[in-house]
């Protein structure tokens, strides 16, 4: 191993994994934008009671759990802990699955007034938010897994 790579890996013992942590925070920001966009959509629109269902309550509870888990993961990946990468991957998969739950059903539903519950522009916007959130989580998880493996291998080589 050359000196530059050795120094870079050795430095990881004393620095935080800020890239993975920042990506997890960015995923939270995209989820908050989704959250705001979905839950404000009934204000000023005549979409009936589509948004007053148990699905919305479950979505709100999930959002709270997501925010807590993603923030916890952002703190865990700072210290190169691989477990938090797996949590981020699961959260990312759920973010992708969420596309097919509320946005798809709201986009295909029609209110009593004849207007769509969720217009195409809003639908595209919330899809972008959810997919961007998932991509940030996946990228942060992969980066942390690679860095944590490299750091663990470096620490193991120091013990020899």
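A few comments on the model shown:
- Cα-based helix-to-principal-axis angle, 18-39 vs the chain, degrees rounded to 10: 10
- The chain: relative contact order as a whole-number percent, Cα under 8 Å and 6+ apart: 38
- Within a Gaussian network of the chain (alpha carbon springs, distance under 10 Å), most fluctuating of 82, 116, 103: 116
- Rg(Cα) / (2.2 N^0.38 Å) computed for the chain, rounded to two decimals: 1.33
- Mean ellipticity per residue at 222 nm, deg cm²/dmol - from DSSP H runs of n ≥ 4 across the chain, formula -39500 (n - 2.57): -26000 deg cm²/dmol
- Helix 54-78 axis, angle to the chain major axis (alpha carbon atoms, nearest 10°): 20
- Nearest-ten-degree value, helix 120-159 long axis tilted from longest Cα axis of the chain: 20
Any read-out appearing in this document is the output of simple, stated calculations on the displayed coordinates, not a laboratory observation. Fair warning: this is a prediction, and the values are worked out from it, not measured in the lab.
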